[in-house]
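Trainee: Below you'll find the structure I mean.
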Amino acid sequence: MIFNPASGSANASPVQLMNIISMLQEWKFIPEVYLTEPDSDYAKMVQETLVQGVNLFVVCGGDGTISAVAREIAGLPATLGIIPTGTQNNIALSLNIPQDIPSAISILRLGERVKIDMGMVVYGDMKMPFLEVCSVGLMSSLFSAGDDIQHGHFERVGDFLATLVSSTHSKIKLSMDDRREIVRMGHVVLVTNMPHVGRNYRVGNKAAFKDGLLDVLLFSNLNKINLLGCALKGSDISEVEDPRIEHYHVHKVDIETMPPMQIMADSVPLGTGAVHIEMNRRALAVMLPRFQKENKQARNQKKND
């Protein structure tokens, strides 16, 4: 069990940890606890754990911790379990995992093991899988200060505003699936694998994590005030009919920006410049609720009755 003591309320984390261990034991789990730190070596932890014959990795934390562990177990004979204790919990929301901790724990026994998609970002010589979103542009530049502010570090407000004021739009070139190319002026491109990102914004369909496609959202000809208004509103972006928000479904996309813009994948800053992003099908095994199967059985039973 990977536990992030910095997720949620730090003052409550010791009590929360003991409660979660107790609840896991009630379900006949014997958790070996790994407490995260800012410099945690997840790759080493995963390899040492697999050697011991343990292949279920239960993450108690927010989207950043879940994504970090997911990157390391992708493609390995391992399964991810999720107990959401973060701030936004987009990944849990996207995967229909309840925010209620006892209900989330029950899925580890009563749920089903499902292989879901991940994105793969290629930046220079580096390849990195991502679970939630790869952003290019203003959102990547603002993330660090914005995340600190969200966690109570209000001294970063000045940094956030300075970055917002100084940023400029770029010429954005998208080459999608080797056949379609568009060029726009804008501040932001989002490439997502999950239906929810950011402050629980809906950006794709409910099955986005297993439909074999990436959602590309290009915010073109929107000024910074419009972008912030859209972000603060927290609307269902997937349903917004605005010609300045272009939405594409692709297997792969190449993004070039001039001047070069910041690139970030699942809160990991990568640099600036050109980036290639592609779909990585069925890359990660996750314990998910049996909702769809149960609903189908219920409908069939009702039909037979």
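Trainee: Mind ranking 204-211, 267-274 by how tightly packed they are, going by the mean number of other C-beta atoms within 10 angstrom, highest first? Present the calculation step by step, with values, prior to reporting the outcome.
Mentor: Details: 204-211: 17.6, 267-274: 15.9.
Output ranking for 204-211, 267-274: 204-211, 267-274.
Trainee: Round to the nearest 10 and report in Å² the accessible area of Glu32, as given by a 1.4 Å probe over the protein chains' heavy atoms.
Mentor: Number for this one is 120 Å².
Trainee: Ordered by packing density, taken as the mean number of other Cβ atoms within 10 Å over each peptide's residues, highest first, how do 182-189, 65-72 rank? Provide the component values of the computation, followed by the final result.
Mentor: On the way: 182-189: 19.4, 65-72: 23.8.
Put in order of decreasing packing, that is 65-72, 182-189.
Trainee: Please give the direction-averaged projected area of the C-alpha convex hull for the range 2-113, in square nanometres with one decimal.
Mentor: Values: hull surface 26.5 nm².
For the Cα atoms of the range 2-113, the hull's average projected area reads 6.6 nm².
Trainee: With r defined as the distance between the Cβ atoms of Met45 and Val268 and R0 fixed at 22 Å, what FRET efficiency is calculated, to the nearest 0.05?
Mentor: Working: r = 17 Å, r/R0 = 0.79.
The computed FRET efficiency comes out at 0.80.
Trainee: State, in angstrom, two size descriptors of the range 83-130 derived from its alpha carbons: Rg to one decimal place and Dmax to the nearest whole number.
Mentor: Reported Rg and Dmax, both Å: 14.3, 43.
Trainee: What distance in nm lies between label points placed 7 Å from Cα along the C-beta direction at Gln25 and Asp177?
Mentor: Here the modelled spin labels are 5.3 nm apart.
Trainee: Give me the number: length gained by fully extending Glu246 to Ala207, i.e. 0.36 nm times residue separation minus the C-alpha to C-alpha distance, one decimal in nm.
Mentor: Gain in length upon complete extension: 12.1 nm.
Trainee: Just the number please: accessible area per residue for the range 80-121, 1.4 Å probe, all protein chains included, in Å².
Mentor: Values: 1310 Å² over 42 residues.
Per-residue value: 31 Å².
Trainee: Going down the table (Lys44/Lys115; Lys127/Lys210; Lys28/Lys206; Lys44/Lys206; Lys28/Lys127), which pairs top 28 Å between alpha carbons?
Mentor: Details: Lys44/Lys115 23 Å; Lys127/Lys210 21 Å; Lys28/Lys206 32 Å; Lys44/Lys206 33 Å; Lys28/Lys127 38 Å.
Too far apart for the 28 Å limit: Lys28/Lys206; Lys44/Lys206; Lys28/Lys127.
The values are calculated or read from the model by the stated rules, or taken from the named source; none is laboratory data. Since the structure is predicted, the reported quantities are computational estimates derived from the model, not experimental observations. Glycine gets a Cβ as well: all are built from the backbone with ideal geometry, and neighbour counts include every protein chain shown. Surface areas here come from the heavy atoms of the whole protein model, side chains and all, with no ligands, DNA or RNA. Shrake-Rupley method; radii C 1.70, N 1.55, O 1.52, S 1.80 Å.
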